[in-house]
Amino acid sequence: MKILVMGAGSIGSVFGGFLAEGGHEVTLVGRPWHMEAIQAKGLHISGIWGDHTVTNLRTLSSLPDEGGLDLVLLTVKSYQTRESVSELDRHILDPVPILSLQNGLGNLETIAEIVGPDRTLGGRVIFGAEIRNPGEVAVTVYADRVVVGPMRGSRFPARKTEEIAAAVDGAGIPCMATREIERYIWGKVLYNAALNAPASILEINYGKLLENESTKALMREIIVEAFAVANADHITLDWPSPEAYLEILFDRLIPPTASHFPSMLQDIRHGKKTEIDAINGAIARLGQKHAIPTPVNETLSGLVRFKESGRRNFFRESKKQNQ
């Protein structure tokens, strides 16, 4: 397949690198400092999936008019979705499917607004990666295989979904196809909603959230609201009740990652925009749509935005003082 990766940071580079190594024709579109290093030395992938150097990648820092593609992988931040897909729509000459491998809710709907639901696919990704140096990425953690599928209401052929999943899986990234991708995306959102905002606001690791009854109660309220919203949105979750999910979250999901700090906190500390509006913020927006109160998710979203904005202002003031 001829594949373009839009937003080739850590996750996009891993997908692009493995697919290129698997024999596919891959173009990465990303930040110049990363693309130039890959062009000069190849893409170096290290970590739990072994060491790889991939030299058969085409790299771009801006998107030209492009034809003959079979698939676009979208790996930009959720708040960049509309801008990126609009750019793709202007420059991609053929009606190819766009597979979102992003965090949070709302990405599929935004893509479908621009290119239509029949070209919109979603993916659930729960392995982690980071850019160590320009041109170098490391796969740091793996929880479960990637799941890909068309959004609800799409007429995208099941056979083509299976082909995409088989291509990813055959390249060395465990992957399967589904006709219920929203169920898998919501499963990841529940985890992120319960942990990321509270740990980022309090500036603690995930394990600390389990050590205090107040923070455990806060996580319960987040999940209760999220379940109510998901049910109203006709999403079939893998757990029959909030209590069933919370038991798994507290006993099985948090302990292995107890020492981890959320990437959301790292974004705040570095003066970057977070993806809160695609996680707790999205739950709150869907609550408004279905007339379901979500005061906890709404409040947490506001607090993260406050911290995020304050940190960006700090960085701007620091730059002014150093000029």
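Points to keep in mind about this one:
- Residue-level analysis places Ala291 outside the set of residues that are of a type in the set (Gly, Ala, Ser) and at negative phi.
- Each residue in the range 213-235 was checked for being touching a helix residue (DSSP H, G or I) at 6+ places or on another chain (Cβ under 9 Å) and either modelled with pLDDT under 95 or assigned to a helix (DSSP H, G or I) (or both), and 16 pass.
- Checked against the criteria, Glu21 does not count as of a type in the set (Asp, Glu), in contact with a strand residue (DSSP E or B) (Cβ under 8 Å, 6 or more places away or on another chain) and modelled with pLDDT under 95.
- Test result for His234, farther than 22 Å from Ile204 by Cβ and either assigned by TED's automatic domain parsing to the domain that holds Thr81 or surrounded by fewer than 16 Cβ atoms within 10 Å (Cβ to Cβ) (or both): yes
- Residue that is out of contact with any strand residue (DSSP E or B) (no Cβ under 7 Å at 6 or more places or on another chain), of a type in the set (Gly, Ala, Ser) and buried (at least 19 other Cβ atoms within 10 Å of the Cβ), where the choices are Gly30, Gly9, Gly16: Gly30
- Per the listing Ile126, Ile131, the residue uniquely buried (at least 17 other Cβ atoms within 10 Å of the Cβ) and among the β-branched types (Val, Ile, Thr) is Ile131.
- Set Lys2, Lys41: member being surrounded by fewer than 17 Cβ atoms within 10 Å (Cβ to Cβ), among the basic types (Lys, Arg) and closer than 14 Å to Ile98 by Cα: Lys2
- Every residue from the range 180-213 that is of a type in the set (Asp, Glu) and more than 20 Å from Asp267 (Cβ to Cβ): Glu180, Glu182, Glu211, Glu213
- Number of the condition not met by Arg179 [criteria: (1) in contact (Cβ under 8 Å) with a residue 60 or more places away in the chain; (2) out of contact with any Leu (no Cβ under 9 Å at 6 or more places or on another chain); (3) among the charged types (D, E, K, R)]: (1)
- Per-region count, the range 250-283, residues crowded, with 20+ Cβ neighbours inside 10 Å and without any contact (Cβ under 8 Å) to a residue 40 or more places away in the chain: 1
- Within the range 263-316, tally of residues that are modelled with pLDDT of 95 or more, of a type in the set (Ser, Thr, Tyr) and either part of a helix (DSSP H, G or I) or farther than 23 Å from Ile111 by Cβ (or both): 3
- Reported count of residues in the range 247-260, each being at pLDDT 95 or above and either farther than 19 Å from Leu202 by Cβ or of a type in the set (Phe, Trp, Tyr) (or both), is 5.
- Residues of the range 166-195 satisfying the condition of being under 17 Å from the mean Cα position of the chain (by Cα) and among the hydroxyl-bearing types (Ser, Thr, Tyr): Tyr184, Tyr191
- Of all residues assigned to the range 67-80, at least one qualifies as being hydroxyl-bearing (Ser, Thr, Tyr), within 27 Å of Glu162 (Cα to Cα) and crowded, with 16+ Cβ neighbours inside 10 Å.
- Looking across the range 122-164, the residues that are out of contact with any helix residue (DSSP H, G or I) (no Cβ under 7 Å at 6 or more places or on another chain) and β-branched (Val, Ile, Thr) come down to Thr140, Val141, Thr161, Ile164.
- Just one of the numbered conditions (1) over 27 Å from Glu243 (Cβ atoms); (2) assigned to a helix (DSSP H, G or I); (3) in contact with a Gly (Cβ under 8 Å, 6 or more places away or on another chain) is not true of Thr140: (2).
- Qualifying residue in the range 108-125 (condition: under 28 Å from Thr274 (Cβ atoms), touching a Phe, Trp or Tyr at 6+ places or on another chain (Cβ under 6 Å) and in the same structural domain as Ser78 (by TED's automatic domain parsing)): yes
- Tabulated pairs, the range 207-220, first surrounded by 12 or more Cβ atoms within 10 Å (Cβ to Cβ), second of a type in the set (Phe, Trp, Tyr) and assigned to a helix (DSSP H, G or I), C-beta under 7 angstrom, 6+ apart or interchain: Leu210/Phe250
The values are calculated or read from the model by the stated rules, or taken from the named source; none is laboratory data. Everything numeric here is computed off the predicted structure, so don't read it as measured data. Here Cβ is always computed from backbone atoms with ideal geometry, including for glycine, and neighbour counts include all displayed protein chains.
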